[in-house]
Amino acid sequence: MSAPAALTRRRMLAGLASGATALALPRRPLAQAADDRVLILVKLAGGNDGLNTLVPYADPAYRRARPQIGLTAADVLDLGDGLGLHPGLAGLEDAWAAGDLAVVRGVGYAPADRSHFRSMDVWETGGTPAAPLPTGWLARTLPAALGPRRPLDLLVIGADPMVNVAGGNVTAYALSAGATLPRSVPAANVASAAPANPALGHILEVQRRLAAAQSGLAEALSTLPTLATPFPDDDFGRRLALAARLVAGGAPVRAILVPLAGFDTHAGQRAVHDALLSALGNGLAALRAALVEAGRWRATTVATYSEFGRRLAENGSGGTDHGTAAPHLVLGGAVAGGWHGVQPSLADLVDRDPLPTTDFRAYLASLAVAGLGLAPADATEALGAAPLALRTPA
């Protein structure tokens, strides 16, 4: 990893209730996190075009492959090494300069599966197309038992019917950005002795946990702090504003998922993708400022993920089709900023796509360590790959 390079500012573009099910835990129990870390996952649904997010503007292969939709050196936020961020991400300039923005390059898996549903299953479970896993990666990395301040494992802010990161023993809720209270879950009337029927006992335990999570979340939502930092007035901005207030108020939640949809850019990509990345950049910049204001930035890790990147070559409709590897962004006050991973070669292609250089399971393991406080050995066991060094020493 190299130190962040200086940026030159360019113009900025305008612009479940879910219960718990049975979980087969790892062979040895995961350690309870000793601090109040919160992981915020930003899902770029549809397959984000990584090559127009982290732009290899100096590579002749990129310019040849994208005569219509490619960005030039004059367009991007130059990070050095012939790479630059899309100008819609200009709001992240301060985070890069401060060293709390990491760019993880070439994240993916091979052989690639270009189905939205199957590839998202792979990403959210940490499995493979040939061997899907029955539980999400959060179910295998969150501590088995949460303290009284964390009865809720995962909160999804916004509609996302494809969420598979949970499952298992994960207690999860979904809220809209304008929600004031979650749907009420009645407390289970559990006798002191365990029911003789195991299925009934499981149902009652699930109901008890959901009721406890609902109660804690309702209390947090009724006492949200007011933050001075303004957020963009769009759906994504409102979702992040709610996430910021929940983290600032100490809501009893370990992980928050915020979806941003629309990245399946097969036609007319530039206008759509430019607007999406502007929403992403402006929203994340506001989230960073709000959590700095609240004194919660060091305890928070924010990370993007998407089912796949896009192909190197643009198609005949001014868009890109389903591809493989892509970069991802990780932010936080304790994040080790700068480059992580190797930039994929645009000359060494398989089926017209760059090869992944960073195992997506290693990326997820890194988020479990940096964002959830797991020991590296526990994250490696749960995900099957060793984590990257994404967190600075305490």
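For region 49-79: of the residues being in a loop (DSSP other than H, G, I, E, B) and among the hydroxyl-bearing types (Ser, Thr, Tyr), which is nearest to VAL103 (Cα to Cα)?
My answer is THR53.
Take THR320 and decide whether it is open to solvent by 10 Å² or more (accessible area, probe 1.4 Å) and part of a loop (DSSP other than H, G, I, E, B). Step through it out loud before you land on a result.
Values: open to solvent by 10 Å² or more (accessible area, probe 1.4 Å): no; part of a loop (DSSP other than H, G, I, E, B): yes.
No: the conditions fail for THR320.
Please enumerate the residues belonging to region 277-314 that are touching a strand residue (DSSP E or B) at 6+ places or on another chain (Cβ under 9 Å) and polar (S, T, N, Q).
Within region 277-314, THR300, THR301, THR304, SER306 meet the criteria.
Filter region 330-347 for residues that are surrounded by fewer than 20 Cβ atoms within 10 Å (Cβ to Cβ) and part of a loop (DSSP other than H, G, I, E, B); which is farthest from the chain's Cα centre (by Cα)?
Checking each candidate, the answer is ALA347.
Determine whether GLU93 is assigned to a helix (DSSP H, G or I), farther than 21 Å from ASP75 by Cα and charged (D, E, K, R).
Numbers: assigned to a helix (DSSP H, G or I): yes; farther than 21 Å from ASP75 by Cα: no; charged (D, E, K, R): yes.
The answer is no for GLU93.
Give me the pairs: first residue in region 218-234 and farther than 23 Å from PRO252 by Cβ, second residue of a type in the set (Phe, Trp, Tyr) and open to solvent by 90 Å² or more (accessible area, probe 1.4 Å), beta-carbon distance under 7 Å, and six or more apart or on different chains, which are they?
Close Cβ pairs satisfying both conditions: none exist.
Return a yes/no flag: does region 348-363 have any residue that is part of a helix (DSSP H, G or I) and in contact with a strand residue (DSSP E or B) (Cβ under 6 Å, 6 or more places away or on another chain).
Step one: of region 348-363, the residues part of a helix (DSSP H, G or I) are 360-363.
Filter again for in contact with a strand residue (DSSP E or B) (Cβ under 6 Å, 6 or more places away or on another chain), leaving 360, 363.
Checking region 348-363: at least one residue is part of a helix (DSSP H, G or I) and in contact with a strand residue (DSSP E or B) (Cβ under 6 Å, 6 or more places away or on another chain).
Can you tell me how many residues within region 364-394 are of a type in the set (A, V, I, L, M, F, W, C), in contact with a Leu (Cβ under 9 Å, 6 or more places away or on another chain), over 19 Å from THR300 (Cβ atoms) and part of a helix (DSSP H, G or I)? If you could, list the steps in order and put the result at the bottom.
First pass over region 364-394, keeping only residues of a type in the set (A, V, I, L, M, F, W, C): 364-365, 367-370, 372, 374-375, 377, 379, 382-383, 385-386, 388-390, 394.
When the remaining residues are screened for being in contact with a Leu (Cβ under 9 Å, 6 or more places away or on another chain), the result is 364-365, 367-370, 372, 374-375, 379, 382-383, 385, 390.
Within this subset, residues satisfying the condition of being over 19 Å from THR300 (Cβ atoms) are 375, 382-383, 385.
Next, only the ones that are part of a helix (DSSP H, G or I) stay: 382-383.
Residues meeting the conditions: 2.
For the structure I just gave you, tell me whether GLU314 is open to solvent by less than 20 Å² (accessible area, probe 1.4 Å), part of a loop (DSSP other than H, G, I, E, B) and not hydrophobic (A, V, I, L, M, F, W, C). Spell out the reasoning first.
Numbers: open to solvent by less than 20 Å² (accessible area, probe 1.4 Å): no; part of a loop (DSSP other than H, G, I, E, B): yes; not hydrophobic (A, V, I, L, M, F, W, C): yes.
Against the criterion (open to solvent by less than 20 Å² (accessible area, probe 1.4 Å), part of a loop (DSSP other than H, G, I, E, B) and not hydrophobic (A, V, I, L, M, F, W, C)), GLU314 does not qualify.
Quick one: would you say HIS322 is under 15 Å from LEU388 (Cβ atoms) and under 20 Å from the mean Cα position of the chain (by Cα)? Reasoning before the result, please.
On the way: under 15 Å from LEU388 (Cβ atoms): no; under 20 Å from the mean Cα position of the chain (by Cα): yes.
No: the conditions fail for HIS322.
The values are calculated or read from the model by the stated rules, or taken from the named source; none is laboratory data. This is a predicted model, so every value here is computed, not measured. Ideal geometry is used to build each Cβ from the backbone, glycine not excepted, and the neighbour counts take in all protein chains shown. Calculation scope for accessible area: heavy atoms of the full protein, side chains included, ligands and nucleic acids excluded. Shrake-Rupley method; radii C 1.70, N 1.55, O 1.52, S 1.80 Å.
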